[in-house]
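Following: one structure in structure tokens, then a few remarks.
The values are calculated or read from the model by the stated rules, or taken from the named source; none is laboratory data. Every value quoted in this text rests on a predicted model; they were computed, and no experiment measured them. Positions of Cβ are backbone-derived with ideal geometry, glycine not excepted, and every protein chain shown enters the neighbour counts. Keep in mind that these areas ignore ligands, DNA and RNA; they rest on the heavy atoms of the full protein, side chains included. Shrake-Rupley method; radii C 1.70, N 1.55, O 1.52, S 1.80 Å.
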Amino acid sequence: MEEKQLKINHSVQKAFTIIELMAAAEDPLSLRSISTQTNLPKATALRLLYTLMTMGYVQQNQGNADYSLSLKFKLLTNDSDISQDIVAYVRPYMQQMSKELGEATCLSICDNQELVYVESIDSQDNLLTVTQKIGKRAPLYCTGSGKLYLANMPADELQHYLDHTSLMPLTTQTKATKKELAAELALVKKQGYSIDDEECEIGVKCVAVPLLDKQRSVLATISVSMPTIRATEEMLQETITLLTHTVATLEK
């Protein structure tokens, strides 16, 4: 096709106008502000924002409904090498937790509706070797960390995920129906932490907590994995307490 026959796609133009505006902004922006500053009708701006959200490039603050670019977008554009910044900052805390608990720890982010492991430390007895997970992907619906992302998604984004994801059972413990998963996510949202009870891998339990950014969106997740033979109720509670305390320290 000759160049003179090509036409500009105005929807793409408008979407990048919004992206450029948010990239230059120091704080999240309201729909009204985005509409005013881009000279786009609110309905058009909202439609484009929703599309970018379903693709994972824009996030919405659950407190005030303002919009900002997501971690996925920043990783895509290598903005300040943010993934490495997070890993470098969190790693010492993970090492300390692994030392105290004797168990494996992982740091994960959400990318394109999947969980990505960006750092991990094996258990002291090497019974669980999780370092091989770095760079690997896992489903959101059956992992402790993944369920945290789903529990903190806006309702329409979660619905989009459920409508387009096959909840294939990886074990007999996997919450493989929308009803089961919805009930689990409500509990996760309420308690502020998530447990993978052999839902992803038989013989392994995992406790995860979210690391929130200043907009109270999930920036990353930190998890502790252990063999079920060591996952007593006392051990799980100790792990939850240590994880919660560590994340509170990190967020400060």
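Of the residues Leu158, Leu185, Leu167, which single one is under 20 Å from Thr244 (Cβ atoms) and touching a helix residue (DSSP H, G or I) at 6+ places or on another chain (Cβ under 9 Å)? The conditions single out Leu185. Give the residue that is nearest to the chain's Cα centre (by Cα), with candidates limited to residues of the range 215-235 that are within 14 Å of Asp196 (Cα to Cα) and crowded, with 17+ Cβ neighbours inside 10 Å. Among those residues, the one meeting the criterion is Thr221. Return a yes/no flag: does the range 12-32 have any residue that is farther than 25 Å from Leu150 by Cβ, part of a helix (DSSP H, G or I), open to solvent by 20 Å² or more (accessible area, probe 1.4 Å) and aromatic (Phe, Trp, Tyr). Among the residues of the range 12-32, at least one is farther than 25 Å from Leu150 by Cβ, part of a helix (DSSP H, G or I), open to solvent by 20 Å² or more (accessible area, probe 1.4 Å) and aromatic (Phe, Trp, Tyr), which makes the answer yes.
Looking only at residues of the range 58-114 that are small (Gly, Ala, Ser) and at pLDDT 80 or above, we find that the one that is farthest from the chain's Cα centre (by Cα) is Gly102.
Looking only at residues in the range 236-252 that are farther than 15 Å from Ser145 by Cα and free of Cβ contacts under 8 Å to residues at least 60 places away in the same chain, the one that is most open to solvent (accessible area, probe 1.4 Å) is Lys252. Here the range 187-212 is the region considered, the condition is being under 16 Å from Thr105 (Cα atoms) and of a type in the set (Val, Ile, Thr), and the residue that is surrounded by the most Cβ atoms within 10 Å (Cβ to Cβ) is Val207. From the list Thr239, Thr232, Thr228, the one residue that fits, being assigned by the TED database to the domain that holds Arg137 and within 17 Å of Thr105 (Cβ to Cβ), is Thr239. Looking for something within 19 Å of the chain's Cα centre (by Cα) and under 22 Å from Thr105 (Cβ atoms) - is there at least one such residue anywhere in the range 164-186? No; the residues of the range 164-186 include none that is within 19 Å of the chain's Cα centre (by Cα) and under 22 Å from Thr105 (Cβ atoms).
Looking across the range 223-241, the residues that are of a type outside the set (Val, Ile, Thr) and closer than 20 Å to Ile202 by Cβ come down to Ser223, Ser225, Met226, Pro227, Arg230, Ala231, Glu233, Met235, Leu236.
Kindly establish whether Ala155 is more than 23 Å from Met97 (Cα to Cα) and open to solvent by 50 Å² or more (accessible area, probe 1.4 Å). Answer is yes for this residue.
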